[in-house]
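**Q** Dropping the structure in here first, questions after.
What follows draws every value from the coordinates through simple rules; no lab data is involved. In this text, all values refer to a predicted model and were calculated from it rather than measured experimentally. Methodologically, a virtual Cβ is constructed for each residue, glycine included, from the backbone with ideal geometry; neighbour enumeration extends over all protein chains shown.
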Amino acid sequence: MIEERGYTNDITPGKACLPLITRTYSSVMDFCADAKRGYPSYKNRSSSYNISQYFDTPDYGFSSTFAGCKSWQEIEDLCRDGWEKDLPETLEIVEAAVKLIEMEVEQFEPYHAVSGADVDVAAAVAGLPEDMVDYPLTRVSNIGTTITVLCDVQCHAGVSGKAVEKRGMVIVALALALDACGHQTELWLSDEYTTGDNRAIFRTLVKGPNDFIDPAKIMYAYAHPSVQRGLGFCAVAGLPQPWNRIARESYGYVTGITKDMPDGTLYIEPMFRYTDSANLDTELRMYLSQLGLLASEDF
């Protein structure tokens with residue numbers, strides 16, 4: 001964990017400020033370590049409130065249908081190793097998107113070579129072999145070479161694990177497509193909880209701009225329901241007062257993502273409806289269009 005803040009914050013115009021705690025983690029494993037500390041409180045809360053329909057095991061572990069796993073050990077393994085489910089399908093979508101990007105050009109990027117469109121007189125007089133200038137066309141993002149993405153993993157309890165998975169695949173495809181086009185990426189996830197009395201925000205760095213891209217770990221962070229329904233729920237249960245009351249109030253309601261990252265950040269909203277289920281190809285193209293890498297008519 002790299003930062004913790006506690007203060008009041010007004011998230012809705014016209015409404016009173018709510019006590020807010022924000023925790024920021026440097027990795028998914030850091031998020032996991034904090035959640036592990038709250039796991040005993042989560043189990044006690046679960047048994048006290050008789051919500052056994054969410055669990056497969058009598059010791060109040062987790063449900064394979066609700067959280068996508070049955071035990072805390074499964075969650076730890078996924079945090080460490082990642083999740084490779086449906087990666088081949090995602091890679092096919094990425095390949096198609098990258099081909100579309102490569103077909104579009106937006107600006108000239110001049111470079112020196114032994115042949116080209118123009119002569120660099122100064123280089124020629126100096127006897128340099130690369131005395132010509134060429135102007136290849138290159139498609140670039142409209143927010144620079146490093147792109148920051150913040151995705152909110154909130155969703156209603158009625159949203160299926162399959163819908164969570166499909167939405168997460170969009171983020172994986174986006175990260176891989178950007179990487180294939182030569183863009184550095186900084187990937188964050190947000191998990192936010194709001195009741196009528198308190199608010200908590202968990203922010204986790206999934207991939208830094210200089211980190212190698214690991215599709216399986218990105219897939220787990222954004223596409224597996226246990227990130228919210230395991231890590232997030234346990235972390236909330238382990239919070240100090242008054243914020244741990246959020247767990248006793250059924251973890252609150254889904255809100256819009258808090259937009260407090262640097263200018264140019266691409267924000268991806270939570271899943272508000274039970275029926276939300278992403279169309280991977282269409283949503284990927286939509287985000288690439290927002291970044292200026294595809295024209296809007298391409299999706």
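**Q** For region 210-261 and region 68-86, what is the centre-to-centre distance using only Cα atoms, to the nearest Å?
**A** Using only Cα atoms, the two centres lie 15 Å from each other.
**Q** Can you tell me the FRET efficiency between Gln73 and Ala216 if r is taken as the Cβ-Cβ distance and R0 is 22 Å, rounded to the nearest 0.05?
**A** In this case the efficiency is close to 0.75.
**Q** In addition: At Ser26 and Glu92, where each label point lies 7 Å from the Cα along Cα→Cβ, what is the point-to-point distance in nanometres?
**A** 4.0 nm
**Q** Order the peptides 17-27, 204-214, 219-229, 283-293 from the highest to the lowest mean number of other Cβ atoms within 10 Å of their residues.
**A** Going from most to least packed, we get 219-229, 283-293, 17-27, 204-214.
**Q** Under 5 Å between amide H atoms, partner at least 5 residues away or on a different chain: which partners does Thr148 have, H built in plane at 1.01 Å?
**A** Glu186, Leu266
**Q** So, by mean Cβ neighbours within 10 angstrom, what's the order for 91-97, 166-172 with the highest one leading? Mind showing how you got there, number by number?
**A** Values: 91-97: 17.9, 166-172: 24.3.
Answer by packing, highest mean first, reads 166-172, 91-97.
**Q** Which pairs in the list Lys36/Lys166; Lys36/Lys70; Lys70/Lys162; Lys36/Lys207 are over 23 Å apart, alpha-carbon to alpha-carbon?
**A** Lys36/Lys166
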